[in-house]
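Below is one structure, written out as structure tokens; comments come after it.
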Amino acid sequence: MPKYSPEEVLSLIEQEGVQYVDLRFSDLFGQWQHLTIPAYELSLSTFEEGKGFDGSSIRGWQSIHESDMLAIPDPTTAFIDPFMEPKTLVMICDIYDPITRERYGRDTRYIAQKAEQYLRQTGIGDTAYFGPEAEFFIFDSVEFGTSANYAFWKVDSEEGWWNREITSSGYKIPYKRGYFPVPPVDKSHALRSEMVSIMSQLGIVVELHHHEVATAGQGEIDIRYDSLVNQADKMFIYKYVVRMVAHKYGKFATFLPKVLPNDNGNGMHTHFSIWKDGQNLFAGSEYAGVSEICLYAIGGILKHGPALTAFTNPTINSYHRLVPGFEAPVRLAYSARNRSAAIRIPTYSQSPKAKRIEIRFPDPTCNPYLAFSAILMAAIDGIENKIHPGEPFDKDIYSLPPEELKDIPQLPGSLEESLKALENDFEFLLKGGVFTEDLIQTWIEAKRKEIDEIRFIPHPKEFELYFDI
């Protein structure tokens, strides 16, 4: 994406006839928020003074008696919105306290910026690269609701395997057979291509797109790796484009980790490496062509894996995906090529520049600023403390007998388990002041409230199982 100065942003607005400026930022949980000003309201002073808003109305942020906050736009993030009319320029903002003029501690983009800075301070490396593979479903209709006397959800897709009637669109994708037939079986190809074209116009380099394993329009678009903050910014644009293109055609895109009970869910496999002075520190002569530093990074991520899931898999629904049999890992092991392990070392290329690890348990409901930062902090802890991950596991973990599984640590089986793991293991996140105890405690409290929202609602399946017992 082009990197503009404040002066260049103002010139771009004039050249392009921009009428509005949209200022965007993420709330604590990874939902993009925005406020819009007429273009004539933007001046050089806006890049120093920002625009005020009510921070108490943003989830997980300020209390009502100290609600005033400032959103200060980052000119390097500017782009013309491809969907909004009249013509609108977007910038991602950093959040400040208007009294102290200091950065706001619960601004998750600030956490990511501090993580990048901490990596440089350690001397280990100067850049952490991330390459997320966020999956999504595209449905033709979606219904859901809860009330005092009902709870239900229903999705539909013309290519869904449950729609077995012979129709004009009779091609269907069976469960787990969506990877990856050509059209007309792949009915969402044209939508994904349009998403890719728009991302490319916005400066996001797309490497490929395809239908994913599940039926019913599951897709994946892979974008080229980038540094932590840049890639997290791009993930918000990625999700925005996917949703808006689907919306344009009267369809519904979702990144919910587990939608269909009999098919694969949406993951966000995250490729990760650390570089210094233009050299990939993860390339070497150890197992699968990685370095000792890379093995220590793997060791740190595996050690802190249960705590990491509180940020990388932050929803109750996340743990419906992390079950055996649907290509999602449930055991904290590493391997080359083996997709049943939590960390895979891709072997597509022997080039040192391509050497990286793929962390397979995250999902796209995460806030990427927090998820990427937590992964980096776990890796740094592993490198600093030389945490060796032990021997790789090159067997199919899903098919192992219990006696072989007992020594392989397991990912949390629920959001509550992941929060308990975070409560017992968060010191590595506090190094360098990257995360704060305030943010971690606020996160845990908010997520426990989500658990309570569901705890007292009977599941529809319970009626099938128990109504006549």
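The values are calculated or read from the model by the stated rules, or taken from the named source; none is laboratory data. What you see is a predicted model, and the numbers here were worked out from it, not measured in a lab. Note that each Cβ is placed from the backbone with ideal geometry, even for glycine, and that neighbours are counted across all protein chains shown. These accessible areas exclude ligands, DNA and RNA; they are computed on the full protein's heavy atoms, side chains included. Shrake-Rupley method; radii C 1.70, N 1.55, O 1.52, S 1.80 Å.
Taking residue 397 as the residue in question, decide whether it is among the β-branched types (Val, Ile, Thr), farther than 17 Å from residue 332 by Cα and in the same structural domain as residue 303 (by the TED database).
No.
Kindly indicate whether any position in segment 80-94 is without any contact (Cβ under 8 Å) to a residue 24 or more places away in the chain, loosely packed, with under 13 Cβ neighbours inside 10 Å and farther than 30 Å from residue 378 by Cβ.
yes
Is it true that residue 452 is assigned to a loop (DSSP other than H, G, I, E, B) and either surrounded by 11 or more Cβ atoms within 10 Å (Cβ to Cβ) or out of contact with any Phe, Trp or Tyr (no Cβ under 7 Å at 6 or more places or on another chain) (or both)?
Working: assigned to a loop (DSSP other than H, G, I, E, B): no; either surrounded by 11 or more Cβ atoms within 10 Å (Cβ to Cβ) or out of contact with any Phe, Trp or Tyr (no Cβ under 7 Å at 6 or more places or on another chain) (or both): yes.
Considered against the rule, which asks whether it is assigned to a loop (DSSP other than H, G, I, E, B) and either surrounded by 11 or more Cβ atoms within 10 Å (Cβ to Cβ) or out of contact with any Phe, Trp or Tyr (no Cβ under 7 Å at 6 or more places or on another chain) (or both), residue 452 comes out as no.
Of all strands (runs of 3 or more DSSP E) completely enclosed by segment 163-264, which ones contain at least 2 residues that are open to solvent by 50 Å² or more (accessible area, probe 1.4 Å)?
In segment 163-264, 206-211 are the strands (runs of 3 or more DSSP E) which contain 2 or more residues that are open to solvent by 50 Å² or more (accessible area, probe 1.4 Å).
Would you mention how many residues in segment 231-248 are over 13 Å from the mean Cα position of the chain (by Cα) and either closer than 20 Å to residue 115 by Cβ or of a type in the set (A, V, I, L, M, F, W, C) (or both)?
Here the count works out to 5.
Considering 432, 382, which residue is assigned to a helix (DSSP H, G or I), outside the structural domain of residue 59 (by the TED database) and at positive phi?
432
Considering only segment 354-367, I want to know if a residue exists there that is open to solvent by 20 Å² or more (accessible area, probe 1.4 Å) and at pLDDT below 95.
Checking segment 354-367: at least one residue is open to solvent by 20 Å² or more (accessible area, probe 1.4 Å) and at pLDDT below 95.
Does any residue of segment 144-159 turn out to be among the aromatic types (Phe, Trp, Tyr), open to solvent by 20 Å² or more (accessible area, probe 1.4 Å) and under 30 Å from residue 184 (Cα atoms)?
Our first condition is that a residue be among the aromatic types (Phe, Trp, Tyr); within segment 144-159, this holds for 144, 150, 152-153.
Now drop any that are not open to solvent by 20 Å² or more (accessible area, probe 1.4 Å), which leaves 144, 150, 152-153.
Okay, now just the ones that are also under 30 Å from residue 184 (Cα atoms), so 144, 153.
Checking segment 144-159: at least one residue is among the aromatic types (Phe, Trp, Tyr), open to solvent by 20 Å² or more (accessible area, probe 1.4 Å) and under 30 Å from residue 184 (Cα atoms).
For segment 43-53, indicate whether the set of residues that are part of a helix (DSSP H, G or I), free of Cβ contacts under 8 Å to residues at least 24 places away in the same chain and at negative phi is non-empty.
Yes, the conditions are met somewhere in segment 43-53.
Of all residues in segment 95-108, how many are open to solvent by 10 Å² or more (accessible area, probe 1.4 Å) and in contact (Cβ under 8 Å) with a residue 40 or more places away in the chain?
Of the residues in that region, 5 qualify.
Criterion first (in contact (Cβ under 8 Å) with a residue 12 or more places away in the chain, in the same structural domain as residue 423 (by the TED database), closer than 29 Å to residue 459 by Cα and open to solvent by less than 10 Å² (accessible area, probe 1.4 Å)) does residue 297 satisfy it?
No: the conditions fail for residue 297.
Does segment 388-395 contain at least one residue that is assigned to a loop (DSSP other than H, G, I, E, B), of a type in the set (A, V, I, L, M, F, W, C) and surrounded by 14 or more Cβ atoms within 10 Å (Cβ to Cβ)?
Step one: filter segment 388-395 for residues assigned to a loop (DSSP other than H, G, I, E, B), giving 388-395.
Those still in the list that are of a type in the set (A, V, I, L, M, F, W, C) too: 393.
Still in the list and also surrounded by 14 or more Cβ atoms within 10 Å (Cβ to Cβ): 393.
Within segment 388-395, one or more residues are assigned to a loop (DSSP other than H, G, I, E, B), of a type in the set (A, V, I, L, M, F, W, C) and surrounded by 14 or more Cβ atoms within 10 Å (Cβ to Cβ).
State yes or no: is residue 59 open to solvent by less than 30 Å² (accessible area, probe 1.4 Å) and either part of a strand (DSSP E or B) or touching a residue at least 40 places away in the same chain (Cβ under 8 Å) (or both)?
no
Within the bounds of segment 283-291, is there any residue that is surrounded by fewer than 24 Cβ atoms within 10 Å (Cβ to Cβ), under 13 Å from the mean Cα position of the chain (by Cα) and under 22 Å from residue 394 (Cα atoms)?
Checked against the condition, which is being surrounded by fewer than 24 Cβ atoms within 10 Å (Cβ to Cβ), under 13 Å from the mean Cα position of the chain (by Cα) and under 22 Å from residue 394 (Cα atoms), segment 283-291 yields no hits at all.
Between 438, 425, 468, which is farther than 30 Å from residue 261 by Cβ, open to solvent by 70 Å² or more (accessible area, probe 1.4 Å) and among the charged types (D, E, K, R)? Steps first, please.
Working: 425 fails: open to solvent by 70 Å² or more (accessible area, probe 1.4 Å); 468 fails: farther than 30 Å from residue 261 by Cβ.
Answer to the selection: 438.
What residue, of 36, 76, is in contact (Cβ under 8 Å) with a residue 60 or more places away in the chain and either open to solvent by 50 Å² or more (accessible area, probe 1.4 Å) or not assigned by the TED database to the domain that holds residue 245 (or both)?
None of the other options fit; the residue is 76.
Being surrounded by 15 or more Cβ atoms within 10 Å (Cβ to Cβ) and under 17 Å from residue 235 (Cα atoms) is the filter here, so list the residues in segment 2-31 that pass it.
Passing the criteria: 23, 24, 25, 26, 27, 28, 29, 30.
Taking residue 328 as meeting all but one of (1) open to solvent by 40 Å² or more (accessible area, probe 1.4 Å); (2) touching a Gly at 6+ places or on another chain (Cβ under 8 Å); (3) in a loop (DSSP other than H, G, I, E, B); (4) within 23 Å of residue 260 (Cα to Cα), write down the number of the exception.
Of everything listed in (1) open to solvent by 40 Å² or more (accessible area, probe 1.4 Å); (2) touching a Gly at 6+ places or on another chain (Cβ under 8 Å); (3) in a loop (DSSP other than H, G, I, E, B); (4) within 23 Å of residue 260 (Cα to Cα), residue 328 misses just condition (1).
Looking only at segment 269-291, count how many residues are closer than 15 Å to residue 389 by Cα and part of a loop (DSSP other than H, G, I, E, B).
Matching residues across segment 269-291 total 3.
Quick one: is residue 340 without any contact (Cβ under 8 Å) to a residue 60 or more places away in the chain, outside any strand (DSSP E or B) and open to solvent by 10 Å² or more (accessible area, probe 1.4 Å)?
No: the conditions fail for residue 340.
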